[in-house]
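Right, one structure below, let's go through it.
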Amino acid sequence: MFEEQRRDRQLIERGVMDILGDTFSIYWRHFRKFVVLMAVIQIPVVVVELLLSLVAPDSDWVLVGVSVIDAMASLLVYGAVVFAVGQHLLANDISVERSYIRVTWRIVSVAIPALIVGTLFAALVWQAINIQGVVEPTTTETLETEVALSALLGAGVAIAVMVALLIFTIYLVAIMPAIIVEGYRSTSAFRRASELLQGSKLRVLGHLLIYGFVVLGLFFALSIPSFILGAAVAGETQSFAASAMGIVLNRIVSILIAPVTFIATTLLYYDLRIRKENYDIERLSTEMGYERA
């Protein structure tokens, strides 16, 4: 006889607060494994970031490159977390190894949306750098006008990129789980996402904004100790060590808070399928090839 299931192991319709509550329940229960899931990818990324900062500390290209690498690495972790949440629902346990095996099973399909996100982030960061470079003190009215027009154009491009990134983020709620859980390849996963999101895009956007505010609050709360420590170190020296300390502390905060977003969006994907397709635990077990405990 199965023991009584907890709410966070059930496939039921969830509102935004239900999803957030179950997200923290799942995260807390498997806290160490989610941290390992993050660290497996994020530690190599932070090593690359430190090396690039050491080789070319003032290069704009380094900033763009790190943004691209970070965005693409986050999508790999997202894929692993998607499978991990499925494991929790089926067996109340998580295998880090099995989660990444599932990602590598569809690595090409995962790489395509990751590349799109990385490209959008690169465009956004590069545009921000250009705007900052354009806005310089000028000595003539003509130059001031040219600067204003250039800054305005740059701001318009940046806004367009942000809108594109936001729209694609909405689709990622369904694209990545469609690849990892349902086994779709990249092109088919985009079509599958359009199908699941039909009539639900505004609702998904509302959920994402609320998740974003929650994560932003967590980020500021967890960043206070690292900010104080980083400021103390920077006050003593402006060496590479001080810069490295800031990079490492920021990465630790990222490792701790990113699973919240990934778990919540995975539960939102299941909610979409439950509402549209009467999705149940048996279908999840079949799709994941995972025996239920």
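The values are calculated or read from the model by the stated rules, or taken from the named source; none is laboratory data. Please read all numbers here as calculations on a predicted model, not as lab measurements. As a convention, Cβ positions derive from the backbone with ideal geometry for all residues, glycine included, and neighbour counts pool all protein chains shown. Protein only, heavy atoms only, side chains kept; ligands, DNA and RNA dropped before computing areas. Shrake-Rupley method; radii C 1.70, N 1.55, O 1.52, S 1.80 Å.
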The range 146-163, residues that are at pLDDT 65 or above and either of a type in the set (Asp, Glu) or exposed (fewer than 15 other Cβ atoms within 10 Å of the Cβ) (or both): Leu152, Leu153, Ala155, Gly156, Ile159, Ala160, Met162, Val163
Within the range 173-208, restricting to residues that are farther than 18 Å from Val117 by Cβ and under 18 Å from the mean Cα position of the chain (by Cα), the one that is surrounded by the fewest Cβ atoms within 10 Å (Cβ to Cβ) is Gly206
Taking the options Val66, Val81, name whichever one is among the β-branched types (Val, Ile, Thr), modelled with pLDDT under 85 and assigned to a helix (DSSP H, G or I). Val66
Suppose we filter Arg106, Arg98 for residues that are modelled with pLDDT under 90 and more than 30 Å from Ala158 (Cα to Cα); which single one remains? Arg106
Looking at this structure, is Leu90 farther than 21 Å from Leu256 by Cβ, modelled with pLDDT of 90 or more and surrounded by 17 or more Cβ atoms within 10 Å (Cβ to Cβ)? yes
Determine the pairs where a residue that is on the phi > 0 side of the Ramachandran plot, located within the range 85-101, has a partner that is open to solvent by less than 40 Å² (accessible area, probe 1.4 Å) with Cβ atoms under 7 Å apart, the partner being 6 or more residues away or on another chain. Asn92/Arg9
